[in-house]
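Heads up, the thing below is written out as structure tokens.
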């Protein structure tokens, strides 16, 4: 447990030491909120779908968490290349504890990013439909962060090339985001797109946030919660196994 706590704190310190990283990671969510929120808002409203910013904000919050969580896995490759990972792995603790500590640290940073984007969304007009469900919204943020931090760590555990990790992550992350329903309603989609959305884990995170923050959930909060919880357990298990096989 000490190893988990130590690595968790280490991840937080890394994040707060990089002021440019904090500011830079907020650029894309703010751009989406402002450009799409105000640019497509009138069209969305004329189509009878209501306030687009209210619809968009949960999806952009999920995006902020997704990108930071997945790319936290690149630190595994970075530490391997500079020898820091070897120092960690020779410690007399199980490797799954090391993986779990790194995952919790990366997920905590990603949740903080989501909370910042959530606060920024208030500045452009977003409002929570039910404050009673706000704690559950933070639970969904945490599950999204844990899921994709574990995914990033699992992939980084089998790669040695930082550029290869970036290519694979871009190949995965962009489709995951755009096919999650973050930017568009899920009603009336072509069959192939609907299938892709339903097998996309982020879709349930976006739907859970939209249900808790906006009061509208396509799949249902119960379904969203248990699917995400099961996927988090599976990805942490896979990530722990792959991390334990790292050769340094």
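The values are calculated or read from the model by the stated rules, or taken from the named source; none is laboratory data. The shown structure was predicted, so the numbers you read here are calculated from the model rather than taken from an experiment. Using ideal geometry, Cβ is built from the backbone for each residue, glycine included, and neighbour counts are taken over all protein chains shown.
Counting only residues that are modelled with pLDDT of 65 or more and within 17 Å of residue 187 (Cα to Cα), the range 33-51 holds 7 of them.
Per the conditions (1) in contact with a helix residue (DSSP H, G or I) (Cβ under 6 Å, 6 or more places away or on another chain); (2) over 19 Å from residue 140 (Cα atoms), the sole criterion not satisfied by residue 224 is (2). Could you say whether any residue in the range 142-154 is assigned to a helix (DSSP H, G or I), free of Cβ contacts under 8 Å to residues at least 60 places away in the same chain and within 29 Å of residue 79 (Cα to Cα)? Yes.
Total residues in the range 182-229 satisfying the condition of being part of a loop (DSSP other than H, G, I, E, B), more than 15 Å from residue 56 (Cβ to Cβ) and within 15 Å of the chain's Cα centre (by Cα): the figure is 1.
Can you confirm whether the range 126-136 contains a residue that is within 17 Å of the chain's Cα centre (by Cα), in contact (Cβ under 8 Å) with a residue 40 or more places away in the chain and under 25 Å from residue 35 (Cβ atoms)? Within the range 126-136 (the criterion being within 17 Å of the chain's Cα centre (by Cα), in contact (Cβ under 8 Å) with a residue 40 or more places away in the chain and under 25 Å from residue 35 (Cβ atoms)), the answer is no, since none of the residues qualifies.
On inspection, residue 61 does not qualify as at pLDDT below 75 and surrounded by 14 or more Cβ atoms within 10 Å (Cβ to Cβ). Among the numbered criteria (1) at pLDDT 85 or above; (2) assigned to a loop (DSSP other than H, G, I, E, B), which one does residue 177 miss? Of the numbered conditions (1) at pLDDT 85 or above; (2) assigned to a loop (DSSP other than H, G, I, E, B), the odd one out for residue 177 is (2).
For residue 98, are the conditions met, namely being touching a helix residue (DSSP H, G or I) at 6+ places or on another chain (Cβ under 7 Å), part of a helix (DSSP H, G or I) and modelled with pLDDT under 85? Reasoning before the result, please.
Working: touching a helix residue (DSSP H, G or I) at 6+ places or on another chain (Cβ under 7 Å): yes; part of a helix (DSSP H, G or I): yes; modelled with pLDDT under 85: yes.
Spelling it out, residue 98 is indeed touching a helix residue (DSSP H, G or I) at 6+ places or on another chain (Cβ under 7 Å), part of a helix (DSSP H, G or I) and modelled with pLDDT under 85.
Among the residues of the range 102-123, how many are farther than 15 Å from residue 144 by Cα and within 14 Å of the chain's Cα centre (by Cα)? I'd like the intermediate steps shown before the answer.
In the first step, residues of the range 102-123 are kept if they are farther than 15 Å from residue 144 by Cα; the result is 102, 116, 119-123.
This time we only want the ones that are within 14 Å of the chain's Cα centre (by Cα), so: 116.
Adding up the residues that qualify gives 1.
What residue, of 238, 246, 234, is assigned to a loop (DSSP other than H, G, I, E, B) and within 19 Å of residue 97 (Cα to Cα)?
Numbers: 238 fails: assigned to a loop (DSSP other than H, G, I, E, B); 234 fails: assigned to a loop (DSSP other than H, G, I, E, B).
Exactly one residue qualifies, and that residue is 246.
Are any of the residues in the range 115-127 touching a helix residue (DSSP H, G or I) at 6+ places or on another chain (Cβ under 6 Å), within 29 Å of residue 222 (Cα to Cα), part of a loop (DSSP other than H, G, I, E, B) and modelled with pLDDT of 85 or more? Yes, the conditions are met somewhere in the range 115-127.
Considering (1) surrounded by 15 or more Cβ atoms within 10 Å (Cβ to Cβ); (2) more than 24 Å from residue 153 (Cα to Cα), the lone condition that residue 200 does not fulfil carries the number (2). When you go through 239, 208, 215 one by one, which is the residue that is in contact (Cβ under 8 Å) with a residue 12 or more places away in the chain, within 23 Å of residue 115 (Cβ to Cβ) and buried (at least 19 other Cβ atoms within 10 Å of the Cβ)? Matching residue, one of 239, 208, 215: 208.
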